[in-house]
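Chemist: My questions all concern the structure below.
The values are calculated or read from the model by the stated rules, or taken from the named source; none is laboratory data. Here the structure is a predicted model, which is why all the values come from computation and not from measurement. We place every Cβ from the backbone using ideal geometry, glycine too, and count neighbours over all the protein chains shown. Just so you know, the surface numbers come from the protein's heavy atoms only, side chains and all, with ligands and any DNA or RNA stripped out. Shrake-Rupley method; radii C 1.70, N 1.55, O 1.52, S 1.80 Å.
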Amino acid sequence: MGLLDGKKALIFGVANDHSIAWGIAEQLHAQGATLGFASVESLLERRVRPLAESIGSTFVEACDVSSDDQLRDVMAKWKAAEGTIDILVHAVAYAPREDLEGSFTNTTRAGFAVAMDVSAYSLVAMCREANAAGLLHAGTSVITLSYYGAEKVVANYNVMGVAKAALEACVRYLAADLGPGGVRVNAISAGPVRTLSASGVRDFRKLYGTFAGIAPLRSNISAEDCGKTAVWLASDLSSAVTGETIYVDGGFNVMGVPLIE
């Protein structure tokens, strides 16, 4: 018996087998959930579909989350295939590489707009389209991914930090909106994990390398760690938890002025 037996999960944002989204998928699958995937078209056949097939998933759809029409289409296909969503995972973020380097003051208007649209507003649009399609119900758990750069300044995170701050605010407002219907919305704020998106942050290796010396648990974070927390958020064990940002960072966020060992 798994914690998620009989549950149906739709996951947006798997890029490859190093993605936090994939770490979540593996843990949800291990606990008995049925999974479906939506990702950008360029990654679908080469990376996402083989991963989906490895765990027996047959629902794999292309989706540009900046398109309401494409989101609506994926939700319609999921409704036809599965009927409802018990677990909705939003693991999508993007900012132009040039806006993740140098001075935040030099962020372009276009870069700011796309970062906010893809990284924050897409969660709102995703929930709206799923709700409009009648997919959300009492007990549905919506999970998104954030990072400490939403709360404090992190070198070279720049516009993505602002977008993640907006994302966390969206979590709170969506939790208030959807809560009366029994739908929960939460964020996982992960420590640095070696993913495709992390490679776009300049000097990420330095950030990653010093993390374990500062975090109270003295270890780096894995996608599996995030997946385990996602299982808790997806299950009835967290039935009274909504609107929260849950840190999965070995305690890094509680530190003030650390001594690096």
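Chemist: Pick from A150, A138, A120: which is open to solvent by 60 Å² or more (accessible area, probe 1.4 Å), closer than 23 Å to V183 by Cβ and touching a helix residue (DSSP H, G or I) at 6+ places or on another chain (Cβ under 9 Å)? Full working, then the answer.
Modeler: Numbers: A150 fails: open to solvent by 60 Å² or more (accessible area, probe 1.4 Å); A120 fails: open to solvent by 60 Å² or more (accessible area, probe 1.4 Å).
After ruling out the rest, the residue left standing is A138.
Chemist: Looking at A76, A81, A110 in this structure, which one is more than 23 Å from D236 (Cα to Cα), in contact with a Phe, Trp or Tyr (Cβ under 7 Å, 6 or more places away or on another chain) and at pLDDT 95 or above?
Modeler: Just one listed residue meets the conditions, A81.
Chemist: So is V48 closer than 25 Å to Y147 by Cβ and of a type in the set (A, V, I, L, M, F, W, C) or not?
Modeler: Yes.
Chemist: Related question: May I ask you to verify whether E98 is touching a Ser or Thr at 6+ places or on another chain (Cβ under 8 Å), in a helix (DSSP H, G or I), over 24 Å from G6 (Cα atoms) and free of Cβ contacts under 8 Å to residues at least 40 places away in the same chain?
Modeler: Taking the combined requirement at face value, the residue satisfies it.
Chemist: Still on this model: Go through T84, T34, T107 for me and flag whichever is open to solvent by 20 Å² or more (accessible area, probe 1.4 Å) and in contact with a strand residue (DSSP E or B) (Cβ under 6 Å, 6 or more places away or on another chain).
Modeler: After applying the criteria, what remains is T34.
Chemist: Let me ask something else about it. Among the residues of segment 230-261, which ones are in a helix (DSSP H, G or I), out of contact with any Pro (no Cβ under 9 Å at 6 or more places or on another chain) and not aromatic (F, W, Y)? Break it down into steps so the answer makes sense when it comes.
Modeler: The initial filter retains those residues of segment 230-261 that are in a helix (DSSP H, G or I), namely 230-234, 236-238, 252-254.
Checking which are out of contact with any Pro (no Cβ under 9 Å at 6 or more places or on another chain) leaves us with 230-234, 236-238, 253.
Result: A230, V231, L233, A234, D236, L237, S238, N253.
Chemist: Any residue in segment 212-238 that's modelled with pLDDT of 95 or more and among the hydroxyl-bearing types (S, T, Y): show its pairings with residues that are open to solvent by less than 20 Å² (accessible area, probe 1.4 Å) and part of a loop (DSSP other than H, G, I, E, B) at Cβ separation under 9 Å, as long as the two are six or more apart or on different chains.
Modeler: Filtered contacts from segment 212-238: S235/L4.
Chemist: Report yes if some residue within segment 95-103 is over 16 Å from I11 (Cα atoms), open to solvent by 40 Å² or more (accessible area, probe 1.4 Å) and small (G, A, S); otherwise report no.
Modeler: Scanning segment 95-103 turns up at least one residue that is over 16 Å from I11 (Cα atoms), open to solvent by 40 Å² or more (accessible area, probe 1.4 Å) and small (G, A, S).
Chemist: I need the full set of residues from segment 224-241 which are farther than 14 Å from L88 by Cα, in contact with a Leu (Cβ under 9 Å, 6 or more places away or on another chain) and either crowded, with 20+ Cβ neighbours inside 10 Å or polar (S, T, N, Q) (or both), in order please.
Modeler: C226
Chemist: Also, I was wondering about something else. Can you name the number of the only condition in (1) more than 23 Å from K7 (Cβ to Cβ); (2) of a type outside the set (A, V, I, L, M); (3) more than 19 Å from the chain's Cα centre (by Cα); (4) in a loop (DSSP other than H, G, I, E, B) that D69 fails?
Modeler: Among (1) more than 23 Å from K7 (Cβ to Cβ); (2) of a type outside the set (A, V, I, L, M); (3) more than 19 Å from the chain's Cα centre (by Cα); (4) in a loop (DSSP other than H, G, I, E, B), D69 violates only (4).
Chemist: Does T144 satisfy being outside any helix (DSSP H, G or I), of a type outside the set (A, V, I, L, M, F, W, C) and either open to solvent by 30 Å² or more (accessible area, probe 1.4 Å) or farther than 23 Å from R47 by Cα (or both)?
Modeler: Here the answer is no, as T144 does not meet what is asked.
Chemist: Which of the residues that make up segment 1-55 are in a loop (DSSP other than H, G, I, E, B), closer than 23 Å to W232 by Cβ, over 13 Å from the mean Cα position of the chain (by Cα) and of a type outside the set (V, I, T)?
Modeler: Within segment 1-55, M1, G2, L3, L4, D5, G6, K7, D17, H18, Q31, G32, A33 qualify.
Chemist: Got a sec? Which of A175, A155 is of a type in the set (G, A, S), at pLDDT 90 or above and either outside any helix (DSSP H, G or I) or open to solvent by less than 20 Å² (accessible area, probe 1.4 Å) (or both)? It would help to see each step written out before you state the result.
Modeler: Numbers: A155 fails: at pLDDT 90 or above.
One residue alone meets the criteria, A175.
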